[in-house]
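**Q** Attaching a single structure in structure tokens format; questions to follow.
The values are calculated or read from the model by the stated rules, or taken from the named source; none is laboratory data. All figures in this text were calculated on a predicted structure; none of them were measured in a lab. Positions of Cβ are backbone-derived with ideal geometry, glycine not excepted, and every protein chain shown enters the neighbour counts. Each accessible area value is taken on the protein alone, full model and side chains, heavy atoms only, with ligands, DNA and RNA left out. Shrake-Rupley method; radii C 1.70, N 1.55, O 1.52, S 1.80 Å.
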Amino acid sequence: MTDPIAEVVSLLKPSPSISKLVTGGGQWLVGRTELGNPFYCAVVEGHCRMTITGREPMLLTAGDFVLVPKIFSFTMSSLEPPPRGALAQRLETSPGVFRLGDPEAPTEIKAMVGHCAFGSDDKALLVSLLPEVIHVQGEGRLMMLVGMIDDETRADRTAREMVLHRLLEVLLIEALRSTASAAVPPGLLRGMADPLLAPTLRRIHADSGRSMTVETLARDAAMSRSTFFDRFRKEVGVAPMEYATGWRMALAKELLRKDVATAQIAQRVGYGSASAFSVAFSRYVGMPPGAYSRSNAAE
């Protein structure tokens, strides 16, 4: 069966950006206030505090892994942050290795942090299906993967970029499947954790070209239309056909980037003709398929 989570990660096209080894001692604080790339952090030793805008502070200790797929401002600091207005102490001791706080103070935190980028131009839709913040504790595989990414980033080995792309894909999938389903907000993870909705989500992904209505999806799930609609919207966060249409259009964009003929794409994503697909695509994306294809070719 098709795995929706793996498909979403694949379509996001994660690519490496920055990987750093960070240590800290004394009072220190670093923050990201600009809109940047997705961020992850694996705490190897010690502890620190992470505060994401609009959320309660999190205490991170050894073995903790945090992934922020969405773009949020946040700060990381010692448990007792420096006074407001104090100058930040940040020293690059060697390429990709940073010391925060007082260089002479005992080391209280050692962490591997990184940024990545999502290459898909449909990343807003795809990221919306994932949790805003993923916090996993005690998963050795995640720590190992972050270590491999950090090692590969610093090395100059053959096929380095390909290895980093693959490691990032595995890291994202491992983080997503390590997340407790009960703790995540509405989205793809919670939908896949629901035994009645998971088969429906797999069918939408596996056969996006088949005819779909709320009635047929509800019948496949052995639920009444209203029960299915309410359950899907509660667990996944959007209405069933809104999800199906968004997924179809994400696939259509990917196929257009690969220069597949419009008639073939229409059949693949469930439209009876190229003209019907063109109308739906223009309404959803804001430009006809041909214009979208040409704009991507120009880029």
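**Q** Right, Arg84: over 19 Å from Lys20 (Cβ atoms), more than 15 Å from the chain's Cα centre (by Cα) and not in a strand (DSSP E or B) or not? Spell out how you get there, then give the answer.
**A** Numbers: over 19 Å from Lys20 (Cβ atoms): yes; more than 15 Å from the chain's Cα centre (by Cα): yes; not in a strand (DSSP E or B): yes.
Yes.
**Q** May I pose another question? Any idea which of (1) modelled with pLDDT under 90; (2) out of contact with any strand residue (DSSP E or B) (no Cβ under 9 Å at 6 or more places or on another chain) is the one Gly31 doesn't satisfy?
**A** It fails just one condition, (2).
**Q** Give the residues of segment 58-81 that are within 26 Å of Ala105 (Cα to Cα) and not in a loop (DSSP other than H, G, I, E, B), sorted by residue number. If you could, list the steps in order and put the result at the bottom.
**A** We begin by selecting, within segment 58-81, every residue within 26 Å of Ala105 (Cα to Cα); these are 58-66, 74-81.
Across segment 58-81, the qualifying residues are Met58, Leu59, Leu60, Thr61, Asp64, Phe65, Val66, Phe74, Thr75, Met76, Ser77.
**Q** Looking at Phe74, Phe118, Phe98, Phe65, can you tell me which residue is touching a helix residue (DSSP H, G or I) at 6+ places or on another chain (Cβ under 6 Å) and over 30 Å from Ala252 (Cβ atoms)? Let's see the steps before the verdict.
**A** Working: Phe74 fails: touching a helix residue (DSSP H, G or I) at 6+ places or on another chain (Cβ under 6 Å); Phe118 fails: over 30 Å from Ala252 (Cβ atoms); Phe98 fails: touching a helix residue (DSSP H, G or I) at 6+ places or on another chain (Cβ under 6 Å).
Matching residue, one of Phe74, Phe118, Phe98, Phe65: Phe65.
**Q** I need the full set of residues from segment 214-235 which are polar (S, T, N, Q) and part of a helix (DSSP H, G or I), in order please. Spell out how you get there, then give the answer.
**A** At the first step, the residues of segment 214-235 found to be polar (S, T, N, Q) are 216, 224, 226-227.
Once the filter is applied, which keeps residues that are polar (S, T, N, Q) and part of a helix (DSSP H, G or I), segment 214-235 yields Thr216, Ser226, Thr227.
**Q** Residues Gly85, Gly119: which one is open to solvent by 40 Å² or more (accessible area, probe 1.4 Å), touching a Lys or Arg at 6+ places or on another chain (Cβ under 6 Å) and not polar (S, T, N, Q)? Steps first, please.
**A** Working: Gly85 fails: touching a Lys or Arg at 6+ places or on another chain (Cβ under 6 Å).
So the residue among Gly85, Gly119 that is open to solvent by 40 Å² or more (accessible area, probe 1.4 Å), touching a Lys or Arg at 6+ places or on another chain (Cβ under 6 Å) and not polar (S, T, N, Q) is Gly119.
**Q** Something else now. Answer with yes or no whether Ser211 is outside any helix (DSSP H, G or I), in contact (Cβ under 8 Å) with a residue 40 or more places away in the chain, among the small types (Gly, Ala, Ser) and open to solvent by 30 Å² or more (accessible area, probe 1.4 Å).
**A** Values: outside any helix (DSSP H, G or I): yes; in contact (Cβ under 8 Å) with a residue 40 or more places away in the chain: yes; among the small types (Gly, Ala, Ser): yes; open to solvent by 30 Å² or more (accessible area, probe 1.4 Å): yes.
Yes; evaluated as a whole, the condition is true for this residue.
**Q** Is there a residue being in contact with a strand residue (DSSP E or B) (Cβ under 7 Å, 6 or more places away or on another chain) and at pLDDT below 95 anywhere in segment 181-193?
**A** No, segment 181-193 contains no residue that is in contact with a strand residue (DSSP E or B) (Cβ under 7 Å, 6 or more places away or on another chain) and at pLDDT below 95.
**Q** Separate question: Consider segment 134-186. How many of its residues are in a loop (DSSP other than H, G, I, E, B), under 20 Å from Lys20 (Cα atoms) and of a type in the set (A, V, I, L, M, F, W, C)?
**A** Residues flagged as in a loop (DSSP other than H, G, I, E, B), under 20 Å from Lys20 (Cα atoms) and of a type in the set (A, V, I, L, M, F, W, C) within segment 134-186 amount to 1.
**Q** Would a scan of segment 225-240 turn up a residue that is surrounded by fewer than 17 Cβ atoms within 10 Å (Cβ to Cβ), at pLDDT 95 or above and small (Gly, Ala, Ser)?
**A** Yes, some residue in segment 225-240 is surrounded by fewer than 17 Cβ atoms within 10 Å (Cβ to Cβ), at pLDDT 95 or above and small (Gly, Ala, Ser).
**Q** Those residues that are free of Cβ contacts under 8 Å to residues at least 24 places away in the same chain and under 18 Å from Val66 (Cβ atoms), I need them from segment 149-171; list them, please.
**A** Step one: list which residues in segment 149-171 are free of Cβ contacts under 8 Å to residues at least 24 places away in the same chain, which gives 151-152, 155-160, 162-163, 166-167.
Correct list: Leu167 only.
**Q** In addition: When you go through Arg141, Arg90 one by one, which is the residue that is open to solvent by 20 Å² or more (accessible area, probe 1.4 Å), basic (Lys, Arg) and without any contact (Cβ under 8 Å) to a residue 60 or more places away in the chain? Reasoning before the result, please.
**A** Working: Arg90 fails: without any contact (Cβ under 8 Å) to a residue 60 or more places away in the chain.
The conditions single out Arg141.
**Q** Kindly list, by first and then second residue, each pair from a residue in segment 193-208 that is under 19 Å from Glu254 (Cβ atoms) to a residue that is of a type in the set (S, T, N, Q), limited to pairs with Cβ atoms under 6 Å and residues at least 6 apart or on different chains.
**A** Between residues of segment 193-208 that are under 19 Å from Glu254 (Cβ atoms) and residues that are of a type in the set (S, T, N, Q), the close pairs are Arg202/Thr2; His205/Thr2; Ala206/Thr2.
**Q** Among the residues of segment 47-64, which ones are of a type in the set (Val, Ile, Thr) and at pLDDT below 95? If you could, list the steps in order and put the result at the bottom.
**A** Here is the first cut: in segment 47-64, the ones of a type in the set (Val, Ile, Thr) are 51-53, 61.
Scanning segment 47-64 gives Thr51, Ile52, Thr53.
**Q** Residues of segment 187-205 being open to solvent by less than 40 Å² (accessible area, probe 1.4 Å) and in a helix (DSSP H, G or I), which ones?
**A** Filtering segment 187-205 down to residues open to solvent by less than 40 Å² (accessible area, probe 1.4 Å) leaves 187-189, 191-192, 194, 197-198, 200-201, 204-205.
Correct list: Leu188, Leu189, Gly191, Met192, Ala198, Thr200, Leu201, Ile204, His205.
**Q** Let me ask another. Would you pick out the residues in segment 246-284 that are open to solvent by 40 Å² or more (accessible area, probe 1.4 Å) and under 24 Å from the mean Cα position of the chain (by Cα)?
**A** Arg257, Lys258, Tyr284
**Q** Filter segment 87-122 down to the residues that are part of a loop (DSSP other than H, G, I, E, B), under 28 Å from the mean Cα position of the chain (by Cα) and not charged (D, E, K, R) and list them by number. Show your work before the answer.
**A** So the first thing to find is which residues in segment 87-122 are part of a loop (DSSP other than H, G, I, E, B), and the list is 87-89, 95-96, 102-108, 119-122.
Then drop every residue that is not under 28 Å from the mean Cα position of the chain (by Cα), which leaves 95-96, 119-122.
Selection gives Pro95, Gly96, Gly119, Ser120.
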